[in-house]
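The values are calculated or read from the model by the stated rules, or taken from the named source; none is laboratory data. It should be emphasised that the depicted structure is a prediction, and the values quoted were computed from it without experimental measurement. Here the Cβ is made from the backbone with ideal geometry for all residues, glycine too, and neighbour counts use every protein chain on show.
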């Protein structure tokens, strides 16, 4: 019933001191170093309104992940029972898309300096979106 | 410098009364009807821990979007100046990935009933992730 496959074209990549998956923090605010998002010149018009001192959502393609994994042991308790990957943030999953809330530090042309990004050096960037907080009035 | 393209394989699709982009709400909590996420049998092992009465993030492939758009008029003020798409939630963008925070109502095998999903009927589903609230202690 599903169509596809669909083709993702990276719009940039991550420059980070993080090179090793085993040493990378599991979430961005658990000790990630500052990093750069480096965008392709072809998408520079789309970047014009990114502002320092705001948070944005960065979507990446976790190109070193496994795509054939459906159950994983929870990181908080590796000895515990496996969980379905759709209830975890494991990078290993059928479509290994990383979702990262990062703080924008500076915007220098097509280079954007960010904090709290746990993605590895060279990871493809596929999208950037503004944060929308959920409505609290329901 | 970027590799790719990368191949996204849908894991399911949306069943929703929403059929027309012009009539769909722009955000899920702005009057979306209840909808179903229907998953491929091949990923059912990954769904095992989804729980009713929780919120999850659903990632979709917005297959009716334009991919050649880098600047758009803001929805709140269409007469206003264009903004870069990466500062908006416009579906039209180089990689049209939809990010939806939805409430799980029930899980019935590979069919998951949700509220607050503004995606159109037939939209491919590409991932589901748990919500992780940002840390407030920084």
Can you tell me which of B:125, B:107 is at pLDDT 95 or above and under 16 Å from the mean Cα position of the chain (by Cα)? B:125
Checking residue B:84 against (1) buried (at least 16 other Cβ atoms within 10 Å of the Cβ); (2) facing chain A (nearest Cβ under 10 Å); (3) in contact with a strand residue (DSSP E or B) (Cβ under 8 Å, 6 or more places away or on another chain); (4) within 28 Å of residue A:93 (Cα to Cα): exactly one of these is not met. Which one? (4)
Subset tally (residues that are in contact with a helix residue (DSSP H, G or I) (Cβ under 9 Å, 6 or more places away or on another chain), facing chain A (nearest Cβ under 7 Å) and over 29 Å from residue B:75 (Cβ atoms)) for the stretch B:12-47: 4
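Taking the residues in the stretch B:87-137 that are more than 19 Å from residue B:52 (Cβ to Cβ) and assigned to a strand (DSSP E or B) as candidates, determine which candidate is farthest from the other protein chains (Cβ to nearest Cβ).
Per the stated criteria, the residue is B:98.
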Residues to consider are B:50, B:37, B:8, B:57; find the one that is over 16 Å from the mean Cα position of the chain (by Cα) and buried (at least 16 other Cβ atoms within 10 Å of the Cβ). B:50
Residues that are over 30 Å from residue B:42 (Cα atoms) and surrounded by 22 or more Cβ atoms within 10 Å (Cβ to Cβ), drawn from the stretch A:95-127: A:102, A:112, A:114, A:116, A:117
Scanning the stretch B:60-72 for residues that are over 24 Å from residue B:17 (Cβ atoms) and within 7 Å of chain A (Cβ to nearest Cβ), which turns out surrounded by the most Cβ atoms within 10 Å (Cβ to Cβ)? B:70
